[in-house]
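The values are calculated or read from the model by the stated rules, or taken from the named source; none is laboratory data. None of the values given here were measured: they were computed from a predicted structure. Note: ideal-geometry Cβ built from the backbone for every residue, glycine included; neighbour counts use all protein chains shown.
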Amino acid sequence: MRTLLTPLFFFLSLSVVGQIFFEKGYIINSANQKKECFIKNVDWRNSPTYVEIKYSMNGDIETISFEEILEFGIDGASKFIRRSVLIDKSSDHLDHLSLEKAPSFELETLMLKVLVEGKASLYYYTQGSFQRFFFANNGSEIQQLVYKKYKKQR
């Protein structure tokens with residue numbers, strides 16, 4: 001039985017290690033220059049703070065912070081844009097709900113994942129359990145879709 005399980009665990013461990021690849025994509029840097037490259041696709045659960053790229057498959061890996069990028073995308077997979085937006089960071093947790101019904105917006109520069117792009121576009125931001133959706137219509141400014149939980153005063 002042990003002789004059968006050892007090769008099985010070996011092959012399973014190989015398939016787990018090989019899940020992250022450099023994929024063809026592009027970056028647009030802060031100088032608004034578009035560069036073709038290969039981006040390490042880590043299927044970001046949180047909005048990225050940096051990306052790892054190579055300009056050729058055999059090239060050196062460069063780490064670029066989101067402050068240096070206006071936009072990046074992986075062909076057929078995902079696209080992120082950096083924008084300064086008003087965001088409500090009010091808590092959604094019952095123990096920390098505010099008494100204020102209105103959102104309390106703060107201006108922040110974020111990397112937003114593009115979910116839908118067109119006349120009406122939808123964007124997503126997440127950090128841990130904190131998540132917000134944003135939208136823009138016909139090229140207007142990006143705004144947060146507001147859904148706020150709050151405590152009602154008695």
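Side notes on the structure shown:
Table: residues versus (1) under 26 Å from residue 34 (Cα atoms); (2) not aromatic (Phe, Trp, Tyr).
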residue	(1), (2)
66	yes, no
88	no, yes
102	no, yes
105	no, no
111	yes, yes
132	no, yes
137	yes, yes
142	yes, yes
152	no, yes
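- Listed by first and then second residue, the pairs with beta-carbon distance under 7 Å, at least 6 apart or on different chains, first residue in region 103-127 and over 14 Å from residue 87 (Cβ atoms) and in a strand (DSSP E or B), second charged (D, E, K, R) and modelled with pLDDT of 90 or more, are 114/79.
- Region 47-84, residues that are of a type outside the set (D, E, K, R) and not in a strand (DSSP E or B): 47, 48, 49, 55, 56, 57, 58, 59, 61, 66, 76, 77
- Selected residue [charged (D, E, K, R), surrounded by fewer than 10 Cβ atoms within 10 Å (Cβ to Cβ), within 26 Å of residue 136 (Cβ to Cβ) and without any contact (Cβ under 8 Å) to a residue 60 or more places away in the chain] from 75, 95, 43, 60: 43
- Residue within region 137-145 that is within 25 Å of residue 51 (Cα to Cα), at pLDDT below 90 and in contact with a Lys or Arg (Cβ under 9 Å, 6 or more places away or on another chain) present: no
- Residue within region 98-112 that is within 18 Å of the chain's Cα centre (by Cα), within 19 Å of residue 25 (Cβ to Cβ) and modelled with pLDDT of 90 or more present: yes
- Residues in region 138-154 that are over 20 Å from residue 82 (Cβ atoms) and loosely packed, with under 15 Cβ neighbours inside 10 Å: 138, 146, 147, 149, 150, 151, 152, 153, 154.
- Candidate set from region 20-46 (those that are on the phi < 0 side of the Ramachandran plot and in a loop (DSSP other than H, G, I, E, B)); member that is modelled with the lowest pLDDT: 20
- Tally of residues being of a type in the set (S, T, N, Q), part of a strand (DSSP E or B) and over 14 Å from residue 88 (Cβ atoms) across region 128-147: 1
- Checklist (1) acidic (Asp, Glu); (2) out of contact with any strand residue (DSSP E or B) (no Cβ under 7 Å at 6 or more places or on another chain); (3) farther than 28 Å from residue 23 by Cβ; (4) part of a loop (DSSP other than H, G, I, E, B) applied to residue 100, failing item: (2)
- Residues located in region 48-61, provided they are over 14 Å from residue 26 (Cβ atoms) and not small (Gly, Ala, Ser): 48, 49, 50, 52, 57, 58, 60, 61
- Selection status of residue 32, closer than 17 Å to residue 111 by Cβ, over 14 Å from the mean Cα position of the chain (by Cα) and in contact (Cβ under 8 Å) with a residue 24 or more places away in the chain: yes
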